[in-house]
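Presented below is the structure to which this report refers.
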Amino acid sequence: MALALSELPPFSDDRVLVGENSADDAGIMLISPDRALVHTVDLLAPVVNDPYTFGRIAAVNSISDIYAMGGTPLCALNVIGIPADLDAEVVGRILRGGQDAVLDAGAVPIGGHTFQDTEIRYGLAVVGEISPRRIVTNSDARPGDLLVMTKPLGTGIVIQALMTRGVVTEALYRDVVQSMLTSNRAASEAMLRFDVSACTDVTGFGFIGHCWMIASGSGVGVKVRSSKLPVFDKVLDLIGDGVVDAGFNMNKNSFEKYIDFGDGVPPEFTGLLYSSETSGGLLISVSEKDVEALTRSLHDSGLDAAEVVGEVVAEHPDRLEIQP
């Protein structure tokens with residue numbers, strides 16, 4: 001993608017506060033001195049069999065980029081790819097799931113676009129509002145900050161296990177689906193009350209990819225404690241049994257030159273941290289003085305898995321060190 005974008009002629013517009021020159025979750029454009037619009041778009045192939053649940057997960061995943069920047073969603077357009085022989089009732093259930101997620105976010109669905117595809121793909125183009133004075137990017141993390149992860153990791157592994165093996169435990173499936181359905185709204189609202197310097201949501205590039213983007217964009221190093229990472233129960237066992245997420249090779253090839261795995265880190269964490277996540281949590285860089293209050297607020301919001309998972313350091317900029 002970086003190579004493709006390099007073909008575009010550069011342009012300048014003072015209204016663009018966050019644009020294609022960064023790897024942030026969404027673009028932001030100033031519309032008045034105290035108001036800006038935040039824009040994002042995303043699509044997913046089905047991650048569960050039930051059309052309504054899939055539509056809702058895809059919508060929550062799309063809206064998450066607005067929350068990662070500290071914004072509030074305003075409206076959304078459906079974007080859906082449909083095989084020619086797909087039953088209209090299935091399409092309707094997908095769209096109903098998406099609409100319910102949009103309305104729950106306090107936003108309004110205002111139409112959309114369909115296209116023919118070989119498989120179902122669904123997501124949203126979302127517009128939100130944000131204060132120009134309280135934009136949270138992924139490129140301002142400070143040495144001394146601590147990193148907080150708000151949801152467990154392992155959705156990609158579980159989805160792959162379902163696709164290739166057809167079954168995971170009922171408890172694991174229930175927990176993963178509930179996590180993917182859980183909006184990052186509460187996490188976003190919580191972080192804005194504290195001294196937060198950077199944030200991203202952990203999705204397609206996996207924990208390592210999104211964490212590295214914070215390190216690279218901020219010109220800092222990051223140390224991650226693998227033992228502190230929240231992980232769905234049995235996911236490491238699935239990796240040990242040979243389950244490999246579909247995004248693993250792409251993410252590993254893209255980021256492994258920036259990553260150091262320390263002695264004593266269980267080998268399953270390589271499979272986990274390079275795996276893609278669907279509707280993952282927020283990874284938040286927060287000052288040490290506020291980290292306890294932030295995690296307490298996240299727990300009070302029902303995000304029981306929220307954990308301090310690492311620290312931001314001045315040494316070794318652009319690198320991640322994964323420690324036991």
Q: Look through segment 67-81, keep the residues that are of a type in the set (A, V, I, L, M) and not in a helix (DSSP H, G or I), and return whichever of them is surrounded by the most Cβ atoms within 10 Å (Cβ to Cβ).
A: Ala76
Q. If you go through segment 199-241 one residue at a time, how many are in contact with a Lys or Arg (Cβ under 8 Å, 6 or more places away or on another chain) and either farther than 24 Å from Pro267 by Cα or at pLDDT below 95 (or both)?
A. 2
Q. So which residues in segment 255-286 are surrounded by fewer than 17 Cβ atoms within 10 Å (Cβ to Cβ) and small (Gly, Ala, Ser), if there are any at all?
A. Gly262, Gly264
Q. In the set Leu192, Leu124, Leu181, Leu153, which member is in the same structural domain as Gly55 (by TED's automatic domain parsing), touching a residue at least 24 places away in the same chain (Cβ under 8 Å) and not charged (D, E, K, R)?
A. Leu124
**Q.** Total residues in segment 238-252, condition touching a helix residue (DSSP H, G or I) at 6+ places or on another chain (Cβ under 8 Å) and either part of a loop (DSSP other than H, G, I, E, B) or surrounded by fewer than 18 Cβ atoms within 10 Å (Cβ to Cβ) (or both)
**A.** 6
Q.
Here's a check for you: in segment 162-212, which residue that is over 22 Å from Val60 (Cα atoms) and among the aliphatic types (A, V, I, L, M) is surrounded by the fewest Cβ atoms within 10 Å (Cβ to Cβ)?
A. Val167
(Q) Could you tell me how many of the residues in segment 165-203 are in contact with a Phe, Trp or Tyr (Cβ under 8 Å, 6 or more places away or on another chain) and aliphatic (A, V, I, L, M)? (A) 3
Q: Run down Val18, Val41 and say which single residue is surrounded by 17 or more Cβ atoms within 10 Å (Cβ to Cβ) and outside the structural domain of Val158 (by TED's automatic domain parsing).
A: Val18
Q.
Can you go through Leu294, Leu282 and tell me which one is farther than 18 Å from Ile157 by Cβ, within 15 Å of the chain's Cα centre (by Cα) and assigned by TED's automatic domain parsing to the domain that holds Met191?
A. Leu282
(Q) Show me the strands (runs of 3 or more DSSP E) entirely contained within segment 88-207 in which 3 or more residues are touching a Ser or Thr at 6+ places or on another chain (Cβ under 9 Å). (A) 121-130, 146-149, 196-201
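The values are calculated or read from the model by the stated rules, or taken from the named source; none is laboratory data. From a predicted model like this one, the values you see are computed outputs, not experimental measurements. Quick reminder, even Gly has a Cβ in these numbers, built from the backbone with ideal geometry, and neighbours come from all protein chains shown.
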